Amino acid sequence: PFLYFLNYDVWTAAYHNADVHFNQKKFQLGKPDMTKDDFWKEGVEVETRYYEKYAEPKKYRQELAKISDYCREHNIELNFVIFPTHIDLQRVLDKTNMRPEREKMVQDLVKWGKVYDFDWENEMTVSRDNFDDPFHFTEKIAKELVNEIWGNQIKYGRIYPPQN
């Protein structure tokens, strides 16, 4: 929990909250004070810095393995969804040599359950029109994902069956 307070995003949010409160400034969450293109570029840069400082999440993997064991013991189907990001973010994996880590993550998830992977280069992820920023897809894409997963109408997703 202590690390939460060392997080850059938490400090930035706290700064804006204090600035609004003490200086009577108007701050609109979700409305960056830059162009969409500049905000997009900043998002890619932030992701690049994140990957450059990446550390393997061993504890999270152990917790997921425990959840998987519980599901198996209780006949619960465990599914994972890897949500789409814009291709600009996907390319950061290659730029920072993180592609093997992503593949390792996918292989771990496949050991534990069924995986729906939408985060790969395809018609959906190459179009900026499908994203508000490199991380967040539009409501139209959200509906498409629901249809693909729960409607069994796979178009953009790759499905990896569990390897139990």
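The values are calculated or read from the model by the stated rules, or taken from the named source; none is laboratory data. Quantities reported herein were computed from a predicted structural model and do not represent experimental measurements. As a convention, Cβ positions derive from the backbone with ideal geometry for all residues, glycine included, and neighbour counts pool all protein chains shown. SASA here: full protein model, heavy atoms, side chains in, ligands and nucleic acids out. Shrake-Rupley method; radii C 1.70, N 1.55, O 1.52, S 1.80 Å.
Restricting to segment 73-87, give me the number of residues that are over 18 Å from the mean Cα position of the chain (by Cα) and under 29 Å from Tyr156 (Cβ atoms).
3
For every residue, the table says whether it meets (1) under 28 Å from Glu63 (Cβ atoms); (2) open to solvent by 90 Å² or more (accessible area, probe 1.4 Å); (3) in contact (Cβ under 8 Å) with a residue 40 or more places away in the chain.
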{"position": "Gly113", "(1), (2), (3)": "yes, no, yes"}
{"position": "Met124", "(1), (2), (3)": "no, no, yes"}
{"position": "Asp129", "(1), (2), (3)": "no, yes, no"}
{"position": "Phe137", "(1), (2), (3)": "yes, no, yes"}
{"position": "Lys143", "(1), (2), (3)": "no, yes, no"}
{"position": "Tyr156", "(1), (2), (3)": "no, no, yes"}
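For segment 45-101, which positions are closer than 28 Å to Asp129 by Cβ, of a type in the set (A, V, I, L, M, F, W, C) and out of contact with any helix residue (DSSP H, G or I) (no Cβ under 8 Å at 6 or more places or on another chain)?
Val46
Any residue that is touching an Asp or Glu at 6+ places or on another chain (Cβ under 7 Å), surrounded by 16 or more Cβ atoms within 10 Å (Cβ to Cβ) and aromatic (Phe, Trp, Tyr) - is there at least one of those in segment 40-57?
yes
Within segment 21-35, how many residues are modelled with pLDDT of 80 or more and open to solvent by less than 100 Å² (accessible area, probe 1.4 Å)?
The qualifying residues number 3.
Is there a residue in segment 109-121 that is basic (Lys, Arg) and either more than 21 Å from Gly43 (Cα to Cα) or in contact with a strand residue (DSSP E or B) (Cβ under 9 Å, 6 or more places away or on another chain) (or both)?
For segment 109-121, residues basic (Lys, Arg) and either more than 21 Å from Gly43 (Cα to Cα) or in contact with a strand residue (DSSP E or B) (Cβ under 9 Å, 6 or more places away or on another chain) (or both): present.
Just checking, which of Phe137, Phe131 is of a type in the set (A, V, I, L, M, F, W, C) and more than 27 Å from Leu64 (Cα to Cα)?
When all the criteria are applied, what remains is Phe131.
Considering only segment 33-81, state which residues are among the acidic types (Asp, Glu) and touching a residue at least 60 places away in the same chain (Cβ under 8 Å).
Glu47
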